[in-house]
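The values are calculated or read from the model by the stated rules, or taken from the named source; none is laboratory data. What you see is a predicted model, and the numbers here were worked out from it, not measured in a lab. Backbone-built Cβ (ideal geometry, glycine too); neighbour counts: all protein chains shown. Just so you know, the surface numbers come from the protein's heavy atoms only, side chains and all, with ligands and any DNA or RNA stripped out. Shrake-Rupley method; radii C 1.70, N 1.55, O 1.52, S 1.80 Å.
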Amino acid sequence: MREFGKITLFGDSIPKGYTTKGGKIEKVDKDAVSILEEKYGFKIENRSVYGQTLNKLYERGVIDRYLEETAGQSGRTAVFCIGGNDSDYDWKAVAAAPKAFHQSKTPLNVFERELDELIGKLQNDGVNVLLTTLTPVDSARYFEQVISRIADGEKVLEFLSGDITNINRHQECYNLAVIGAAVKNKCRIIDIRSEFLMQTNYLVNYSEDGIHPNAGGHAVIAKSVMKFIDEKVSA
């Protein structure tokens, strides 16, 4: 584990350990980060923020500040666990004009460009970069429990051509963009997605909103990271 040095995590509400219950946001008692810290005895500086997007990291200069704060330090590792919010839409705007063209909060081509640029900036400063895949989204729960409560579901469904699985397929494009960035920039990638998808009952590990893993889901994430550490790093 020494090769990681000081680990800093940049992510959104999921790596921050938030979930939803009864329509309210709450913190998971034992989230994936705390499970990993306890098992391996290292500290993770968790700079994840609820609602965070890669685009916000980019435009607000978060990575630039991180590099300024850690200038001259050796053994730095930055982990990106982000992208789900970037792939999301402004659903109220979608419902207001379902036949119009709508971009995600961060258009895919912008997401790819900004991720590539941020990785390059970190690597050029000697920072080891790790990426994670995105946890899955359940289209049905998300549509019923979130989208249809903030916007006209029928209008949104019109935008989706009557097929709510467009939601999870759209998010998959961002997951593939993360994988592509890892390959292009020769970064290690931690697959936290497949462990969920291989379970026929994976939704037991999700909150009712279909996007936030619950305590069981965080244990699944931690298991995936442990597998990466034990098989890739310790080898």
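Please compute the contact order of the stretch 120-235 in relative form: average sequence separation of alpha-carbon pairs under 8 Å and at least six residues apart, divided by the residue count, as a percent.
Relative contact order for the stretch 120-235 comes out at 34 percent.
Whole-Hz ³J(HN,Hα) for each residue in the stretch 52-61, computed from phi via Karplus 6.51 cos²θ - 1.76 cosθ + 1.60 with θ = phi - 60°, x for glycine and proline: what do you get?
5, 10, 4, 4, 5, 4, 5, 6, 8, x
Could you run the Karplus curve 6.51 cos²θ - 1.76 cosθ + 1.60 with θ = phi - 60° over the stretch 177-187 and give me ³J(HN,Hα) per residue in whole Hz, x for Gly and Pro?
5, 5, 4, x, 5, 5, 5, 4, 9, 6, 9
What percent of all Cα-Cα pairs in the chain falls in each 10 Å bin, counting up from 0?
With 10 Å bins starting at 0, P(r) equals 7, 32, 36, 19, 5, 0.
Dividing the convex hull volume of the Cα atoms of the stretch 1-40 by its residue count, what figure in Å³ per residue is obtained?
Output value, Cα hull per residue: 62 Å³.
Heavy atoms only, probe 1.4 Å: what % of the accessible area of the chain goes to carbon and sulfur, would you let me know?
Using a 1.4 Å probe with all protein chains present, the chain comes out at 51 percent carbon and sulfur.
Relative to the first principal axis of the alpha-carbon coordinates of the chain, what is the inclination of helix 215-228, with its axis defined by its Cα atoms, in degrees from 0 to 90 and to the nearest 10?
Here the helix axis deviates by roughly 40 degrees.
Note down the relative contact order for the chain as a percent, whole number, built from C-alpha pairs under 8 angstrom at least six residues apart.
Reported as a whole number, the value is 25 percent.
Would you mind working out the accessible area per residue for the chain, using a 1.4 Å probe, and quoting it in Å²?
49
With only Lys, Arg, Asp and Glu charged, each at its Cβ (+1 for the first two, -1 for the last two), find how big the charge dipole of the stretch 8-114 is about the Cα centre; round to the nearest 20 debye.
Approximately 280 debye in magnitude.
Under the Karplus relation 6.51 cos²θ - 1.76 cosθ + 1.60, θ = phi - 60°, what is the ordered set of whole-Hz ³J(HN,Hα) values for the stretch 107-115, x standing for Gly and Pro?
x, 4, 5, 6, 4, 4, 5, 5, 5
Based solely on C-alpha atoms, express the radius of gyration and the Dmax of the stretch 28-146 in angstrom.
Here Rg and the maximum Cα pair distance are 17.1, 53 Å.
Within the chain, what's the longest stretch lacking trypsin sites (Lys or Arg not before Pro) that sit in DSSP loops with no more than 15 other Cβ atoms inside 10 Å?
Numbers: sites that count: LYS30, LYS43, ARG60, LYS99, LYS186.
The longest such stretch corresponds to 100-185.
What distance in nm separates the simple spin-label points at ASN109 and SER161, each placed 7 Å from Cα in the Cβ direction?
2.0
Please list the non-local residues whose amide H lies under 5 Å from the amide H of SER48, H modeled 1.01 Å from N, same-chain partners needing a gap of 5 or more.
Those lying under 5 Å, H to H, from SER48 are GLY11.
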